Structures are given as structure tokens and as C-alpha cells.
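Here's the structure we're looking at; comments come further down.
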Amino acid sequence: MIYLLGGSGYVGQAYQALLTRKRVPFRNLRRAEADYTDPAVLRAALQRDRPEFLINAAGYTGKPNVDACELHKSDCLFGNAVLPGLIADACADAGVPWGHVSSGCIYNGVRPDGRGFTEEDTPNFTFRTNHCSFYSGCKALGEEVLAGKPQAYVWRLRIPFDNAENPRNYLTKLMRYSRLLEAANALSELQEFVAATFACWEKRVPFGTYNVTNPGAITTHEVVDLIRASGVCRKEFNFFRDEDEFMQKAAKTPRSNCVLDSTKIARTGIHLTEVHEAVALALKTWVPEKK
Ligand SMILES: NC(=O)c1ccc[n+]([C@@H]2O[C@H](COP(=O)([O-])OP(=O)(O)OC[C@H]3O[C@@H](n4cnc5c(N)ncnc54)[C@H](OP(=O)(O)O)[C@@H]3O)[C@@H](O)[C@H]2O)c1
């Protein structure tokens, strides 16, 4: 049996759907029923149920967006930096291997050689390095807390999207925002992300950190071109002049825009679709939100 933390969230629901489809028995722990953020509660549950694996899809993301993390700093720090460490210790004591959903937003830009950041590159959008958002700083601290922990995967998710219209889906966001910021990014198709991360456990690939993104990088303009070509949305898309205008008019905290290198996970034999192809496929099979 698998334990799932944060299964009611946007990413967690995709794990629930995957595990249900694969007929893998799992238990979705919700704080309202069993407060797994209390180490004593989590330890007792692990001792009682002895899950074979645990997936942590819990964290504080800020609603309606990451700007809210600048206001709710203690929730953000606890959910993203402290909680992973508590889970790591509880899992280590109970002998339960586990995986943590982290984020690629701890990087900004590309490497000096123009390539995407690998798992070996030190994050550069953190409290230690430069002017990051509070959310990114906390996600980076969460990874620092997990460094060297045994039997743990750290899976970096980056700007999730899929074919289901949803306010949390990147493609929906682009279609609904009044103006867009041009940037090149790595993205993660959400269904492929959950399948690839669970495959890490199924195939018993070595524990450690993995950039779980669709190979390649894509610009906002390229995504918009694919949206328009698909016919899913025919509106006129408008862009901010540059990041300065975006910061002045639409955001309270800087956003991470970055390219990640996903060859480490590919080397394990787990493959995700090239990013332009994945976006085109999501739009081709687009499922509008039920009103
Ligand atoms: N969505 C993204 O764009 C994105 C991108 C990269 C990485 N991530 C990471 O992926 C993980 C899941 O994100 P998500 O988008 O699925 O988030 P979400 O929809 O907000 O769900 C997160 C879940 O975490 C649990 N949780 C535990 N402590 C919490 C706290 N202090 N505040 C709020 N929720 C808390 C809640 O479940 P219960 O109350 O039911 O236990 C909640 O449903 C997070 O670690 C996030 O940083 C997300």
C-alpha cells in the first residue's frame, strides 16, 4: 500500500487518478482527517500501516498565485521547507522509502553555457543567491533539508499543464491572463510527470534528485502559436513589453523562468514527450472545464 500526502491538491489529484487507474492500493492522507504535518501523527500512521512507499504532494503554493506566499510566509516556510524534513525523518525511522514533489522554480534562466540546468547545478534562484520569490527560496530550502537523506526521491516539477482546462493548468492560465510575459521555460505535462515519478519507484531507479520535465524548452510565444493553431482559443494574445513592465503591472514578486535538463531521468529509461509535441497533444485532446 502507498501513502499519498496532499492527494486532494492539483498535483495530488493526478497521483490519485494514476494510482486508481493502475489499481495500486493507496491511502490519501488529508490534514483534516489525519494531520500528517504533526510528526507524532505521521509516525504513528507509518508504524500502523507500514506503507511500502510514500508520495509527498503536499506543500504551500499560495492562492491565487505565488504572490500570496509573500504574505503568508510562515505557511510557505512550514509547508515547503520544514514539512519535507519532518516527513524525511519519519520515513527514515519507519524504514519507508518515499518521493517528494519539488519544483524547478529554484533556478532562473539558463546555464552560462546556454544549456539547461542539470541536477548537479547549484540552484540560482534562492535565498542564498539572489533576489528570488519567497516561494522559490522556501522550495530551495526544502531541497537543502533533504540533501543526503536516505531512500528519498526529489522530483522537480516545472509549470504543470495537461489537456484538462483548469485554472491551475498553465495552458488555461495563458488563455485567461490579459497579458503574457515572454520567456523560455521547461514544462512538465502533469500526467506524464506523475507517471514518470511513480515509475522511478516501480523500476527502483536510484534514489536522488530528478528534473522531471518534458525534454526541451519552449517560449511563451511558441505556446501561444500552438494554442492559436489548435483552434482551442482564438483571442488576441497581448504581451508585456519586458519583465520590468510585468513586475510593475502584474506581479508582486519575481517569477522563475528557467530551462532544465531532463537527461538524467531519460537515462533511467523513463521518457517524457518532447515539450512542443506534448503541448500540441494536450491542445489536440483539450477537455473544456464543466461549467
Ligand atoms: N502547481 C504548480 O504549479 C507546481 C509547480 C511546481 C511544484 N509544485 C509543488 O507541488 C506540490 C503540490 O502542489 P499543488 O499545486 O498540488 O498544490 P495544492 O493544489 O495547493 O495542494 C497542496 C496540498 O497540500 C496539502 N497541504 C499540506 N500543508 C499545506 C499547507 N500549509 N497549505 C496548503 N496545503 C497544504 C493540502 O492537502 P490536505 O489539506 O488535503 O492534506 C493541499 O491540498 C507543492 O509542493 C508545490 O510546491 C507545484
Original post:
Which of (1) part of a loop (DSSP other than H, G, I, E, B); (2) within 11 Å of the ligand (Cβ to nearest atom); (3) open to solvent by less than 30 Å² (accessible area, probe 1.4 Å); (4) not charged (D, E, K, R) is the odd one out, the single condition ALA14 does not satisfy?
Top reply: (1)
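Take the residues in the range 68-119 that are in a loop (DSSP other than H, G, I, E, B) and closer than 19 Å to ALA57 by Cα, then tell me which one is farthest from the chain's Cα centre (by Cα).
Applying the first criterion (in a loop (DSSP other than H, G, I, E, B)) to the range 68-119 yields 71-72, 95-97, 107-108, 110-116, 118-119.
Okay, now just the ones that are also closer than 19 Å to ALA57 by Cα, so 96-97.
Numbers: VAL96: 22, PRO97: 20 Å.
Per the criteria, the residue is VAL96.
Those residues that are more than 14 Å from the ligand (Cβ to nearest atom) and hydrophobic (A, V, I, L, M, F, W, C), I need them from the range 89-98; list them, please.
As a first pass, look at the range 89-98 and keep what is more than 14 Å from the ligand (Cβ to nearest atom): 89-97.
Across the range 89-98, the qualifying residues are ALA90, CYS91, ALA92, ALA94, VAL96.
Yes/no matrix, rows are residues, columns are (1) out of contact with any strand residue (DSSP E or B) (no Cβ under 7 Å at 6 or more places or on another chain); (2) charged (D, E, K, R); (3) open to solvent by less than 70 Å² (accessible area, probe 1.4 Å):
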site	(1), (2), (3)
ARG228	yes, yes, no
PHE237	no, no, yes
PRO254	yes, no, yes
CYS258	no, no, yes
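Answer yes or no as to whether ASN80 is touching a Cys at 6+ places or on another chain (Cβ under 6 Å), of a type outside the set (D, E, K, R) and within 28 Å of VAL205 (Cα to Cα). Let's see the steps before the verdict.
Details: touching a Cys at 6+ places or on another chain (Cβ under 6 Å): yes; of a type outside the set (D, E, K, R): yes; within 28 Å of VAL205 (Cα to Cα): yes.
Criteria met by ASN80.
Is there a residue being under 17 Å from the mean Cα position of the chain (by Cα) and open to solvent by 20 Å² or more (accessible area, probe 1.4 Å) anywhere in the range 17-31? Let's see the steps before the verdict.
At the first step, the residues of the range 17-31 found to be under 17 Å from the mean Cα position of the chain (by Cα) are 17-18.
Those still in the list that are open to solvent by 20 Å² or more (accessible area, probe 1.4 Å) too: 17.
Yes, there is a match, as at least one residue in the range 17-31 is under 17 Å from the mean Cα position of the chain (by Cα) and open to solvent by 20 Å² or more (accessible area, probe 1.4 Å).
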**OP:** Give the residue, chosen from VAL212, VAL224, that is over 15 Å from the mean Cα position of the chain (by Cα) and among the β-branched types (Val, Ile, Thr).
**Re:** VAL224
Original post:
If you go through the range 25-62 one residue at a time, how many are more than 9 Å from the ligand (Cβ to nearest atom) and in contact (Cβ under 8 Å) with a residue 60 or more places away in the chain?
Top reply: 2
Original post:
Out of (1) in contact with a helix residue (DSSP H, G or I) (Cβ under 7 Å, 6 or more places away or on another chain); (2) open to solvent by 10 Å² or more (accessible area, probe 1.4 Å), what's the single condition that is false for TYR177?
Top reply: (1)
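The values are calculated or read from the model by the stated rules, or taken from the named source; none is laboratory data. Being a predicted model, the structure only gives us computed values, none of them experimental. No Cβ is skipped: glycine too gets one built from the backbone with ideal geometry, and neighbour counts run over all protein chains shown. When the accessible area is computed, the model is the full protein with side chains, heavy atoms only, and any ligands, DNA or RNA have been set aside. Shrake-Rupley method; radii C 1.70, N 1.55, O 1.52, S 1.80 Å.
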